[in-house]
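Accompanying notes for the structure given below.
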Amino acid sequence: MGQGKGEPEVSLRAWWAQQWRWVQWAEFKPALGLMRREIKDTMRDWRILAPILLLVTVFPFLANTAAAEGLSFVNQYGANLIIERMFPFLMLVVGFFPSTFSLVIALETFVGEKERRSLEPLLATPLTDLQLYIGKTLAAIIPPVIASYIGMIFYTLLLGFTLGWWPTVSLFFVAFVLSTAQALVMVSAAVIVSAQSTSVRAANLVASFIIIPMALLLQAEAGLLLFNNFVGLWLIALALLVVTALFMRMGIALFNRERLLGQEIDQLNFTKGLRAFWAGFWPRNGLWHLYRYEVPHLLRLLRPHLVFTILVALGGGALFGLWAAQRFPLPTAAMDFSQYADLETFSEAIEASGLLSGFSTWTIWGHNLRSLLTATLLGFLSIGVVAVLLLAAPIAIIAYLVPQMGGMGINPWSLFATGVLPHGIFEITAAIVVTAYALRLGTVLLRPPEKDGGMMDLARDLGQYCKLFLSVVLPLLLLAAWIEAEVSSRLMISLLSGL
Amino acid sequence: MIEMVNLTKQFETVLAVDGIHLTVQPGEVLALLGPNGAGKTTTVRMLSAILKPTAGHATVAGYDVASQSLEVRRRVGVLTESPGLYQRMSGQEYLDFFGEARGLAPAARQARIADLADWFEMSGVLDRRLGEYSKGMAQKVALMRTLLHDPAVLLLDEPTSAMDPQSARLVRDTILQLRSTQRAIIICTHNLVEAEELADRIAIIRQGRIVVQGSPAELKTRLLGAPLMEVRFSQPGLNGAVSLVSRFAQIEDVGVDSTKMEFIRYRTDRPGEVNSAILAALLAAGMSVFSLSEVPQSLESVYLRAVPRAVVADKQGLSEGTSAAAA
């Protein structure tokens, strides 16, 4: 290769780097070709171009006029701080409106082509699913985002030159990042909708599920701007970027040429869904087979989610609790052990705290049941995040309290062994299983469909969850509740009353 | 070059393609004939690696359509049922985009587009927006798109639909020119004349199954019986001619045609021998024979006979399609 002696490692690395760049470029280049075509097409559609141009040119003037009028009005009452805090909000609004067109373009991107029957020739080319997805997503994002940047810059210049108000660099920067992140979320969600819909009309109907939360978010941003809370704005931007990443992952996982072409009618197939649920739920060969084969199989299936739950919820919760115990130690007199004098006093104290209606096996069991079902629901809606946090919270509390008992003359290990371990070993196990399953349910649409589509996978997973819940979680919770009511509490009282 | 083995496609509740067995060799043109909803387009979509078979398998140019879809799509040219053009692009831009999507270098695709434009007589209109094209012109652009990468396998779904007779003739001539020893072509069509003209082999598909397949001549023989011959007489009076002909072949019809000429029609599966014997006998008997020729039997007759047969077979639970497929 014409390389000098003594340089083989460097040249090999360079060669590999070159190959890698080439592979990446080869993957990306066709996507860029598709993106160029789509952008060209968008720029030739006056129905998209005209409103964007109006929003970029006329709307900043309107916003600026509104700001000027507002300023002169509130100046009469010396409340100019309020309107000055609203200037950046108007900047966000000026940026938000053009970026909503990204939604229109993205919604149209697959299903519109399908309606015009131009999708099939495109699908018959050697473009990969990823290239199609990247090309179309970029094409939907770039024109509206550039338009929103132009609108925001224009508004800022108008505001600066007419009212003499200039945003700080950090405000300007966060406004741009927020606008971009909002457009990214809308596009990534709309591409999923477009790829799963059968008509543009159906896609537009579903789009309200995207635009309404975004409008609410804009109001939340207004509130944060009013209180000059930049950290909150950055956190929103970060959350939006995380949601974008998840939506993109979901979009790529769910992208399916066959579904794009094959599905003609939007319908929820309840019978098929019910059948998938039943297949996941009902034990195939009686109870012995259920516990001998099906439950271990389900737990094996859950292995990555279990590992994640144990590491993040248990490990993370415990570390956070221990850190908090170091950072914010309880004063010695903070704990009142008089309520642990006997079981009756303890039960009354629990009842008075409002945590439980009474201290018995059934109330504890009911409470835990409700908590875990709520965790599942919230976990499903939050890609598993809330479920993990709900498990991490009590672990953190235990990890926070137990080590501090030493300072109060109680052996923490004894307290842990008597008050937590006897029932906790069953209760926490049940909670780990439920949290892991909530994580699986929450991420079901992020992974490629296993058999016949994401919704059927969800129905099957839900059936399996119910099976595991009834066969494992429910008995574990019942046992834990009985131990907690009858054993742990007595052990703990005998330990604490001896103080 | 194209091989389908028990190729099956089941949508939610519809069995669109039901265990097709077909092979198309390089240099061969196969016409898939069938009524609407018979499974022709689904078959083409599976062969172009857009849809995945639910059972069985197919290979195209040596690649499996399910597991090597990218390689298949690189080698196949698909003319879709509808041209599906981007209305706001010019013909030149459109073809350039698809050339790029197929990985052709800029210079190569420009040269190829120019060649195809000459071939399809579209050179003067490629700078116009596709939305301004007539249906025939749109179909020509779609065909040019299909041929951009000079594919080894061509799948043409209704190639001359919506075309005026002149453009349809051009497309049919193009398909005839595209035949080569290296290329396999499948045409889906309702146009029986077109199928007969272009195809080496015809497969009639109904409800996702191949009802019957073979060369046009084989199908005619199989479904319509032995060739039908007609001998016409220039002088009136068939005295003795009917009994003479019936000594050699089974008489089908006797009558007078629109030009007042009397004729006798007979069937024979050995026309070479029988025709000369009949002719010799008639001439020896002093009959004034005007002509002796085969009565053309259209593919339409074959189709109209094959499809109702399959319906009857279906009703009886004796699917000829299954046996044909198994064969």
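The values are calculated or read from the model by the stated rules, or taken from the named source; none is laboratory data. Values in this document were obtained by computation on a predicted structure and should not be read as measured data. As a convention, Cβ positions derive from the backbone with ideal geometry for all residues, glycine included, and neighbour counts pool all protein chains shown. Protein only, heavy atoms only, side chains kept; ligands, DNA and RNA dropped before computing areas. Shrake-Rupley method; radii C 1.70, N 1.55, O 1.52, S 1.80 Å.
Just to confirm a number: summing +1 for Lys and Arg and -1 for Asp and Glu over residues other than B:I205 whose beta-carbon lies under 12 angstrom from that of B:I205, what do you get?
+2
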**Message:** With the crude spin-label approximation of a point 7 Å out along Cα→Cβ, what separation in nm comes out for A:W362 versus A:F416?
**Reply:** 3.5
**Request:** Find out how many positive minus negative residues lie around B:V65, taking Lys and Arg as positive, Asp and Glu as negative, among other residues whose Cβ is under 14 Å from that of B:V65.
**Result:** +3
**Asked** On average, how much accessible surface per residue is there in chain A, in Å², for a 1.4 Å probe, leaving out ligands, DNA and RNA?
**Response** 51
**Message:** Using only the heavy atoms of the protein chains and a 1.4 Å probe, how would B:K9, A:K272 rank by accessible area, largest first?
**Reply:** A:K272, B:K9
**Prompt:** Among B:G34, B:G286, B:G99, which one shows the biggest mean-square fluctuation in a GNM of chain B, springs joining Cα atoms closer than 10 Å?
**Reply:** B:G286
**Prompt:** Sorted by accessible area (1.4 Å probe), largest first, how do B:S288, A:S488 line up?
**Reply:** B:S288, A:S488
**Prompt:** Counting only protein heavy atoms and rolling a 1.4 Å probe, how much accessible area do B and A lose on contact, total for both sides, in Å² to 100?
**Reply:** 2700
**Message:** Accessible area per residue for the range B:180-291 in Å², computed with a 1.4 Å probe and the full protein assembly in place, what is it?
**Reply:** 47
**Fill in**
Sequence order, the range A:187-202: Karplus ³J(HN,Hα) from phi using 6.51 cos²θ - 1.76 cosθ + 1.60, θ = phi - 60°, Hz rounded, Gly and Pro as x, gives 5, 5, 6, 5, 5, 4, 4, 4, 6, 9, 8, 9, 8, 4, 4, 4
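Working with all protein chains in place, sort A:L34, A:L157, B:L170 by solvent-accessible area computed with a 1.4 Å probe, largest first.
Numbers: A:L34 0, A:L157 75, B:L170 35 Å².
Sorted by accessible area, descending: A:L157, B:L170, A:L34.
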**Request:** For the pairs B:K9/B:K52; A:K114/B:K9; A:K40/A:K136; A:K29/A:K136, note any where the Cα-Cα span goes beyond 19 Å.
**Result:** A:K114/B:K9
**Prompt:** Where the centroid of each part is defined by its Cα atoms, how far is the range B:58-73 from the range B:123-137 in Å?
**Reply:** 33
**Prompt:** Label points 7 Å out from Cα along the Cβ direction at A:E69 and A:M408: separation in nm?
**Reply:** 6.2
**Message:** Tell me the accessible surface of A:W323 in square angstrom (1.4 angstrom probe, heavy atoms of protein chains only), to the nearest ten.
**Reply:** 130
**Cα-based convex hull, the range A:179-318, per residue volume (Å³, whole number)** = 182
**Message:** If every alpha-carbon in the range B:1-92 counts as one equal scatterer, what log10 I(q)/I(0) does Debye give at q = 0.19, 0.23 1/Å?
**Reply:** -0.91, -1.22
**Request:** Run a plain Debye calculation on chain B (Cα atoms as equal point scatterers, no solvent) and give log10 I(q)/I(0) at q = 0.07, 0.08, 0.14, 0.16 Å⁻¹, rounded to two decimals, same order as the q list.
**Result:** -0.39, -0.49, -1.05, -1.23
**Request:** May I ask for the equivalent-ellipsoid semi-axes of the range B:113-239, computed as the square root of five times each C-alpha gyration tensor eigenvalue and listed largest first in whole Å?
**Result:** 37, 20, 14
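What is the projected area of the convex hull of the Cα atoms of the range B:231-280, averaged over all directions, in nm²? Don't jump to the answer; show the numbers that get you there.
Working: hull surface 13.8 nm².
Computed as one quarter of the Cα hull surface, the answer is 3.5 nm².
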**Prompt:** What residues have an amide H closer than 5 Å to that of B:V76, excluding those fewer than 5 places away on the same chain, when H is modeled at 1.01 Å from N in the peptide plane?
**Reply:** none
**Asked** Relative to the longest principal axis of chain B, what angle (0 to 90°, nearest 10) does the C-alpha long axis of helix B:165-178 take?
**Response** 80
**Item:** ³J(HN,Hα), Karplus 6.51/-1.76/1.60, whole Hz, each residue of the range B:246-262, x for Gly, Pro
**Value:** 5, 5, 10, 8, 7, 6, 9, 7, 9, x, 10, 8, 5, 9, 6, 9, 7
**Request:** Equivalent ellipsoid semi-axes for the range B:109-172, as square roots of 5 times the alpha carbon gyration tensor eigenvalues: give them largest first, rounded to whole Å.
**Result:** 17, 16, 10
**Mean residue ellipticity (222 nm) of chain B, computed from DSSP H runs ≥ 4 via -39,500 (n - 2.57), nearest 500** = -11500 deg cm²/dmol
**Fill in**
Note: B:S161 to B:D115 extended length (0.36 nm per residue) minus current alpha-carbon separation gives 14.2 nm
**Peptide B:273-285, shielding by other chains (average Cβ, 10 Å cutoff)** = 0
**Request:** For peptide B:49-60, compute the average count of partner chain beta-carbon atoms within 10 Å of each residue's beta-carbon.
**Result:** 2
**Message:** Taking amide H atoms as placed 1.01 Å from N in the peptide plane, list the residues 5 or more away in sequence, or in a different chain, whose amide H sits under 5 Å from that of B:F11.
**Reply:** B:A16
**Prompt:** Over the heavy atoms of A:K29, what accessible area does a 1.4 Å probe trace out, to the nearest 10 Å²?
**Reply:** 100
**Prompt:** Measuring from centroid to centroid over Cα atoms, what is the spacing of the range A:70-117 and the range A:377-437 in Å?
**Reply:** 44
**Prompt:** Where does the charge balance sit around A:L298 when Lys and Arg score +1, Asp and Glu -1, over other residues with C-beta under 12 Å from its C-beta?
**Reply:** +3
**Cα-based Rg of the range A:144-240 normalised by 2.2 N^0.38 Å, two decimals** = 1.26
**Message:** Considering the Cα positions of the range B:30-187, please state its Rg to one decimal place and its Dmax as a whole number of Å.
**Reply:** 15.5, 47
**Item:** Estimated [θ] at 222 nm from DSSP helical runs (n ≥ 4, -39500 (n - 2.57)) normalised by residues in chain A, nearest 500
**Value:** -25000 deg cm²/dmol
**Fill in**
Between the Cα axis of helix A:474-483 and the main Cα principal axis of chain A, the angle (0 to 90°, nearest 10) is 40
**Message:** Multiplying the sequence separation of A:R249 and A:V58 by 0.36 nm and subtracting their Cα-Cα distance, what value in nm do you get?
**Reply:** 65.1 nm
**Message:** Per residue of the range B:271-278, what does 6.51 cos²θ - 1.76 cosθ + 1.60 with θ = phi - 60° give for ³J(HN,Hα)? Whole Hz please, x for Gly and Pro, Karplus curve as stated.
**Reply:** x, x, 7, 5, 4, 5, 5, 5
**Asked** What is the distance, in nm, between label points placed 7 Å from the Cα along the Cα-to-Cβ direction at B:A280 and at B:V242?
**Response** 2.6
**Message:** If amide hydrogens are placed 1.01 Å from N in the peptide plane, which non-local residues have theirs closer than 5 Å to the one on B:V211?
**Reply:** B:I204, B:I205, B:R206
**Prompt:** Using a 1.4 angstrom probe and counting only protein chains, how large is the accessible area of B:Y63 in Å², to 10?
**Reply:** 60
**Prompt:** If you project the alpha carbons of the protein assembly as shown onto their three principal axes, what span does each projection cover, largest first, in Å?
**Reply:** 139, 79, 71
